[in-house]
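Here the structure is laid out as structure tokens; the discussion comes afterwards.
The values are calculated or read from the model by the stated rules, or taken from the named source; none is laboratory data. Just so it is clear, the model here is predicted, and its values are computed rather than measured. Positions of Cβ are backbone-derived with ideal geometry, glycine not excepted, and every protein chain shown enters the neighbour counts. Surface accessibility is based on the protein's heavy atoms, side chains included, excluding ligands, DNA and RNA. Shrake-Rupley method; radii C 1.70, N 1.55, O 1.52, S 1.80 Å.
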Amino acid sequence: MYKAKAYSVSSATSPFASSTIARREPTEHDVQIEILFCGICHSDLHQARNEWKEVMPTVYPCVPGHEIVGRVTKVGSAVTTIKPGDLAGVGCLVDSDATCPECQAGLEQFCRNGTLTYNSPDKHSGGVTYGGYSDSIVVNERFVLSIPANLNLAGAAPLLCAGITTYSPMRHWGVTKGKKVGIVGLGGLGHMGVKFAHALGAHTVAFTTSPSKKEDALRLGADEVVLSRNADEMAKHAGSFDFILDAVAAQHDINAYIQMLRRDGNITMVGAPDKPLPVAVFGLILGRRSFSGSPIGGIAETQEMLNFCGQHNITSDVEIIPIQKINEAYERMVRSDVKYRFSIDMASLKAE
Ligand code: NAP
Ligand code: ZN
């Protein structure tokens, strides 16, 4: 084991503070990465504050962070695909059993024995895993992604969660040219959703509660922007969407969006509010519409998404912060005041 610098929370109500954690030395199939940038996902906040206690209670101390890019510093003896000095990415998963039908299908996100990047039982240490708010991480080679060389690293980090989480359901539900697609909530996930829907050729409509984001949404690739608190603007789109991606982190009226789907349309939740959302079933029945959810994406699809971003020069719009500003960043994220993802410059951790 060796000591790594990190920022952690010690309870659901305590702020982040500088700390030291133990990481394993790379075993034969491991890759050790010096972390350069780590995005701040709203899931980090849900988890740090134990807002998902009924589904995945938080073990403290907790070191979140699953939007990681960095440089390889060491590899295990059996690792052949990546070498020290290479750029590398790590998302929400760091291990899985590799043998179950889900893993065999390249859908590691559904493996029942999967290991999440943080707050997951760590079979090596016996404790829990620690995420990317840290100067380094050690990960099984199967979960190390390659980052296209043309992408800006601070903006590439959020692709590892916000990117794949929005890309995967759009591919699954056939978002393409000729389809009308809605993206609800212009946060870290939502703004990536707008970029992908546009790049995939769909007629893209962004829904936001923030009038200040209207201009930006058009710049990000939306063909139309709707202020979701304006009933008249909302009514114009009734029964017209093939697909809607909902990336809202808090309680909101999902039925307003179900009504906007055409026959056989689908709305997929990627946003994960802590409380149930009431669904009026007649909205589903009368249009044979469907309401579903989607978690991140598999490793092969994550690499496909990164390559797609390389080809289309897509990165996240980020505000780069030193790690010392993390508590302030969390407060701003709760107020939907980030355009559109915080990316932590991990060089700032060297000062601790
Ligand atoms: P974020 O950056 O905070 O964005 C959330 C956006 O939702 C806000 O920017 C805001 O957009 C909108 N919003 C917030 N409160 C709202 C309210 N009360 N009513 C309506 N809209 C509201 O969060 P994020 O990092 O994108 O994550 C979004 C959600 O996805 C979180 O719950 C997160 O845990 C979840 N998530 C799920 C997965 C998965 O695998 N399914 C992966 C990552 C994250 P506007 O200002 O435009 O209204
Ligand atoms: Zn995330």
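Below, the figures for the structure above:
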read-out: Every pair of residues 6+ apart whose Cβ atoms lie under 9 Å, when the first sits in the stretch 93-115 and is crowded, with 19+ Cβ neighbours inside 10 Å while the second is among the basic types (Lys, Arg) and not in a loop (DSSP other than H, G, I, E, B); value: Asp95/Arg142; Ser96/Arg142; Glu108/Arg142
read-out: Failed item, numbered, when Phe207 is tested on (1) surrounded by 24 or more Cβ atoms within 10 Å (Cβ to Cβ); (2) more than 8 Å from ligand 1 (Cβ to nearest atom); value: (2)
read-out: Top-ranked residue in the stretch 81-92 [being crowded, with 24+ Cβ neighbours inside 10 Å and part of a loop (DSSP other than H, G, I, E, B); ranked as farthest from ligand 2 (Cβ to nearest atom)]; value: Gly91
read-out: Condition met for Ile164 (at pLDDT 95 or above, surrounded by 23 or more Cβ atoms within 10 Å (Cβ to Cβ), within 16 Å of ligand 1 (Cβ to nearest atom) and not small (Gly, Ala, Ser)); value: yes
read-out: Val55 being modelled with pLDDT under 95, within 16 Å of ligand 2 (Cβ to nearest atom) and within 30 Å of Glu331 (Cα to Cα); value: yes
read-out: In the stretch 273-310, the residues that are modelled with pLDDT under 95 and within 16 Å of ligand 2 (Cβ to nearest atom); value: Pro273, Asp274
read-out: Check on Thr13, modelled with pLDDT under 95, more than 16 Å from ligand 1 (Cβ to nearest atom) and open to solvent by 40 Å² or more (accessible area, probe 1.4 Å); value: no
read-out: Elements of type helices (runs of 4 or more DSSP H) contained in the stretch 228-347, each with 2 or more residues being within 16 Å of ligand 1 (Cβ to nearest atom) and open to solvent by 50 Å² or more (accessible area, probe 1.4 Å); value: 326-334
read-out: Residues (farther than 26 Å from Arg332 by Cβ and touching a residue at least 40 places away in the same chain (Cβ under 8 Å)) located in the stretch 179-201; value: Lys179, Lys180, Val181, Ala199
read-out: Meets criteria (at pLDDT below 95, within 30 Å of Glu233 (Cβ to Cβ) and among the small types (Gly, Ala, Ser)) for Ser336; value: yes
read-out: Residue check, Leu159 touching a helix residue (DSSP H, G or I) at 6+ places or on another chain (Cβ under 9 Å) and either farther than 17 Å from Val248 by Cα or part of a helix (DSSP H, G or I) (or both); value: yes
read-out: Options Glu108, Glu51: the member that is out of contact with any strand residue (DSSP E or B) (no Cβ under 7 Å at 6 or more places or on another chain) and within 16 Å of ligand 1 (Cβ to nearest atom); value: Glu51
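Table: residues versus (1) over 23 Å from Cys41 (Cα atoms); (2) of a type in the set (Asp, Glu); (3) modelled with pLDDT under 95.
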residue	(1), (2), (3)
Ala197	no, no, no
Leu200	yes, no, no
Lys213	no, no, no
Asp216	no, yes, no
Leu227	yes, no, no
Ile244	no, no, no
Asp253	no, yes, no
